[in-house]
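Enquirer: Here you go, one structure.
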Amino acid sequence: MSAGPDQAFSLAAAELGMASAAWLFTAEVDRSEGAEGVQRLRDALGRRWPVLDAVCAAWLEGARAPEVSTAPLLAWLEGITRVVVVGLEARWLDPLVAALPAAVRVGLIKHSELSPDWDRVIANFAGRVELLELADFQGWAGQRSVLLSFVYGAGGVSGLFALSAWVRVSGPDVRTQFRELIGWDVLGVPLSIYPRWLVAVSPGDFTRLEAGA
Amino acid sequence: MPPPHKHDKKHDKKHRHPASQALRFVEPASLDALLATLVPGNADREFVQRCLIDEGPLHHRGANYLLLRLLGRVLERVPGVDAPLEGEEVPMRLPPHLEDEVEEGNFPLPLPTRALRELLGDDEESLAAAVDCLTDGPPQHSLANVVMVSLLERLLARLEAKR
């Protein structure tokens, strides 16, 4: 496979999120090339993009993109005034932002090894989401503020993983400045390759772990 | 493997509980019941309890739990009707350059000042210094101080009412 698909997936993963891009690419490849195409996609990009590998493998076993479930998460967000989002998964963040009351401010930590075009990312939310720098995101701390991180693999046996941004923002100083530290699992299928781009974390790092589907 | 350090044996005897067992005596529900008299909101109370016994060094978590439970037991033995507690906000430890930007940067539990004011003879400067001492530091310290002062203020008021 040429560098084209890798570059395309890299861009999509950066600006949509790895799980969001993985389900999208897998569905599109299946639509145009069938299961053999999904297998080729997995073989070509899976080692570099383990979340895509997991989604391709699950797809070939019959899994399809799960319906996003925001209801359990919204129950934990009742009464809060700010949500600081760590990591990006557009497939999950879009409906969450739409479901939150307008008075709840939503911030997105501007940190990613995948170097997205942040202006383009934030434009997708039509002014509803604000970008936050690592240097000043604690300006959003408070007794009714929540840190929300996308996590991967909460239900699997290979461990729980988060984006490196989570490790950067969840130090002992920050942990007691936010009411809740919530992990939202967006993968829902098992990882079979150690996930580069992600960092192993402990379930105990979070006050809540919720399934995103 | 290198030979054991001469202090290791003594140290091991003194600290014989592995980390996984260091907090074996902690019953979160018992502390929750005590805190419910101070922080009625469930989400607020969970936040306070996490700061007291789920964050920071193990020895602080265990010490907080034990001291607060003991104070709670003392209070139970002096029945009485409690007046509302009023006092000073307890700020989170935020980076100095952001302190003025955070609108809700206080913990959901104030430091009551009635008993402190009596102790310090209505000296407002001393009271301000005392508040500073009690609310500074990470929340394993500051919030534990606040809960202890709250329970002690209630205890003193109940004892005074019996005189």
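Enquirer: Pick from B:T113, B:T135, B:T37: which is most flexible by mean-square fluctuation in a GNM of chain B where alpha carbon atoms under 10 Å apart are linked?
Expert: Looking only at B:T113, B:T135, B:T37, the largest GNM fluctuation is found for B:T37.
Enquirer: Among the DSSP beta bridges whose two residues both lie in chain A, what percent are antiparallel, rounded to the nearest 5?
Expert: On the way: 6 of 30 bridges.
Within chain A, antiparallel bridges account for around 20 percent of the total.
Enquirer: Quick one: dipole size for region B:7-163, taken about the Cα centre, charges +1 on Lys/Arg Cβ and -1 on Asp/Glu Cβ, in debye to the nearest 20. List each step's numbers first, then the result.
Expert: Working: 19 positive and 27 negative charges, 327 e Å.
Value, rounded to 20: 1560 debye.
Enquirer: Cα extents of region A:112-213 along the three principal axes, largest first, in whole Å?
Expert: Projected onto its principal axes, the Cα set of region A:112-213 covers 36, 32, 24 Å.
Enquirer: Another question about this same structure. What number, in percent, do you get for the relative contact order of region A:1-89 if the mean sequence gap of Cα pairs under 8 Å and at least 6 apart is divided by its residue count? Display every interim value, and only then the final one.
Expert: On the way: 63 pairs, mean separation 26.7, N = 89.
Once divided by the residue count of region A:1-89, the mean separation gives 30 percent.
Enquirer: Work out the length of the dipole vector of region A:58-109 about its Cα centre, built from +1 on the beta-carbon of each Lys and Arg and -1 on the beta-carbon of each Asp and Glu, and round it to the nearest 20 debye.
Expert: Working: 4 positive and 5 negative charges, 38 e Å.
Once rounded to the nearest 20, the dipole reads 180 debye.
Enquirer: Right, something else. Relative contact order of chain A, please, whole-number percent, based on alpha carbon pairs below 8 angstrom and at least 6 residues apart. Intermediate values should be presented prior to the final figure.
Expert: Working: 372 pairs, mean separation 47.5, N = 213.
Once divided by the residue count of chain A, the mean separation gives 22 percent.
Enquirer: Can you list which of the GluC sites (Glu not before Pro) found in region A:1-104 are DSSP loop residues with at most 13 other C-beta atoms within 10 Å? Write out the running numbers ahead of the final one.
Expert: Numbers: sites: A:E15, A:E28, A:E33, A:E36, A:E61, A:E67, A:E78, A:E89; in loops: A:E61, A:E67, A:E78, A:E89.
Those that pass, being in a loop and sparsely packed, are A:E61, A:E67, A:E78.
Enquirer: Viscosity 0.890 mPa s, temperature 25 °C: what is the translational diffusion coefficient of the protein assembly as shown from Stokes-Einstein with a Kirkwood Rh over Cα pairs, rounded to a whole number of µm²/s? Display every interim value, and only then the final one.
Expert: Values: Rh = 23.5 Å.
The estimated diffusion coefficient comes to 104 µm²/s.
Enquirer: Could you pull out every residue, at least 5 positions away or on a different chain, whose amide H is within less than 5 Å of the one on B:N106? Hs are placed 1.01 Å off N in the peptide plane, and Pro or chain starts have none.
Expert: A:Q143, B:M92
Enquirer: Can you pull the Rg over Rh of chain A, Cα-only, Kirkwood?
Expert: Numbers: Rg = 16.8 Å, Rh = 17.4 Å.
Ratio of gyration radius to Kirkwood radius: 0.96.
Enquirer: Calculated from DSSP H runs of 4 or more alone, at -39500 (n - 2.57) each and per residue, what is the 222 nm mean residue ellipticity of the protein assembly as shown, nearest 500? Display every interim value, and only then the final one.
Expert: Numbers: 15 runs with 173 residues, N = 376.
Mean residue ellipticity at 222 nm (helix-derived): -14000 deg cm²/dmol.
Enquirer: Moving on to the next point. Projecting each Cα onto the charge dipole of chain A (Lys/Arg +1, Asp/Glu -1 at the beta carbon, about the Cα centre), which of A:V29, A:L191, A:L45 comes out farthest on the positive side?
Expert: Going by the charge dipole, the pick is A:L191.
Enquirer: What does the charge count around B:E46 come to, taking other residues whose C-beta lies under 12 Å from its C-beta (Lys +1, Arg +1, Asp -1, Glu -1)? Numbers along the way, then the final one.
Expert: Details: positive: A:R179, A:R208, B:R45, B:R50; negative: A:E180, B:D32, B:D44, B:D54.
That sum, taken over residues with Cβ under 12 Å, equals 0.
Enquirer: Measuring from label point to label point, each 7 Å out along Cα→Cβ, what is the A:N124 to A:E78 span in nm?
Expert: Those two pseudo-labels are separated by 3.0 nm.
Enquirer: Report the one residue of A:A71, A:P101, A:V83 whose Cα lies farthest in the direction of the positive end of the charge dipole of region A:1-101 (charges on C-beta: Lys and Arg +1, Asp and Glu -1; origin at the Cα centre).
Expert: A:V83
Enquirer: How far is the Cα center of region A:182-213 from the Cα center of region B:35-109, in Å?
Expert: 30
Enquirer: I would also like to ask the following. So which residue, out of B:H60, B:H17, B:H141, gets the largest mean-square fluctuation from a GNM of chain B using Cα contacts under 10 Å as springs?
Expert: In the Gaussian network model the winner is B:H17.
Enquirer: For chain B, taking Cα atoms only, what is the radius of gyration to one decimal and the Dmax to the nearest whole Å?
Expert: Cα-based Rg and Dmax for chain B come out at 18.7, 66 Å.
Enquirer: For chain A, modelled as a Gaussian network with Cα springs under 10 Å, which listed residue fluctuates most, A:A141, A:A19, A:A126?
Expert: Maximum among the listed residues: A:A126.
Enquirer: How about region A:100-153: which trypsin sites (Lys or Arg not before Pro) there lie in a loop by DSSP and see at most 12 other Cβ atoms within 10 Å?
Expert: Hits after loop and neighbour filter: nothing returned.
Enquirer: Right, something else. Using just the C-alpha positions of region A:119-178 as equal point scatterers, what log10 of I(q)/I(0) does the Debye formula give at each q in 0.13, 0.23 1/Å?
Expert: Here log10 of I(q) over I(0) equals -0.47, -1.08.
Enquirer: Based on DSSP, what percent of beta bridges with both residues in the protein assembly as shown are antiparallel, to the nearest 5? Walk me through the numbers before you get to the answer.
Expert: On the way: 10 of 35 bridges.
DSSP beta bridges in the protein assembly as shown are roughly 30 percent antiparallel.
Enquirer: Can you give the relative contact order of chain B as a percent, counting alpha carbon pairs under 8 Å and 6+ residues apart? Walk me through the intermediate numbers first.
Expert: Values: 153 pairs, mean separation 40.1, N = 163.
Relative CO of chain B lands at 25 percent.
Coordinate-derived values only; no laboratory data. On a predicted model such as this, the values are computed, not experimentally measured, just so you know. So basically every Cβ, Gly included, is an ideal-geometry build from the backbone, and we count neighbours across all protein chains shown.
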